[in-house]
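Just so it is clear, none of the values below were taken in a lab; they were calculated from the coordinates. Here the structure is a predicted model, which means the values were calculated and not measured. Note: ideal-geometry Cβ built from the backbone for every residue, glycine included; neighbour counts use all protein chains shown.
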Amino acid sequence: MRHPTVSPASPVLSVLPALSVLILLSACAPKSIVHLESTTQPGGQLLTVVADPDFKINARLPPALELPDSTVLRFYSDSITADSAYFTAPPKAYFAGGEAPHGKLHVGICRKNQEVCSVVTIRL
């Protein structure tokens with residue numbers, strides 16, 4: 001029985017390098033653990049910082065959106081844990097502008113089963 005030969009010019013071999021890079025990039029891509037949601041309100045937008053279900057947002061260092069003009073928009077919620085350490089409802093802020101804000105969102109976040117948080121910065 002003869003086995004088929006694969007030459008270096010074979011379409012299979014020409015696709016392998018691209019496929020391996022794609023697999024490597026998808027494996028290395030960070031999973032988003034926090035994101036910003038926007039709801040249109042009269043005269044602006046209500047912004048909400050939402051964490052992945054496995055994470056909690058630090059309330060002692062509330063999320064902040066650093067805008068290009070150096071204005072800092074802080075996010076708050078009245079729903080916090082008894083020790084005031086974490087938000088139990090997503091923190092919100094009002095942005096007086098028609099377009100989606102641009103800048104850097106800084107969020108103190110940690111896994112629900114951990115006590116130490118890290119600060120995540122997301123460019124918007």
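Couple of notes before you dig in:
- Less than 5 angstrom separates the built amide H of residue 34 from those of 52, all sequence-distant by 5 or more or on a different chain.
- Inter-probe distance in nm under a simple model that places probes 7 Å from Cα toward Cβ, at residue 32 and residue 71: 2.4
- Residue-wise HN-Hα coupling along the range 99-110, computed from phi with Karplus coefficients 6.51, -1.76, 1.60 (Hz; x: Gly, Pro): 9, 4, x, 10, x, 10, 9, 10, 9, x, 9, 8
- Two-site FRET efficiency, residue 79 against residue 104, from Cβ-Cβ distance with R₀ of 22 Å, rounded to 0.05: 0.30
- Spatial extent of the range 68-117: Rg and Dmax, with the Cα atoms as the point set, Å: 13.5, 38
- Förster-model FRET efficiency, 22 Å R0, residue 94 and residue 118, C-beta, rounded to 0.05: 0.25
- Amide hydrogen neighbours beyond the local backbone of residue 77, cut-off 5 Å, H modeled: 92
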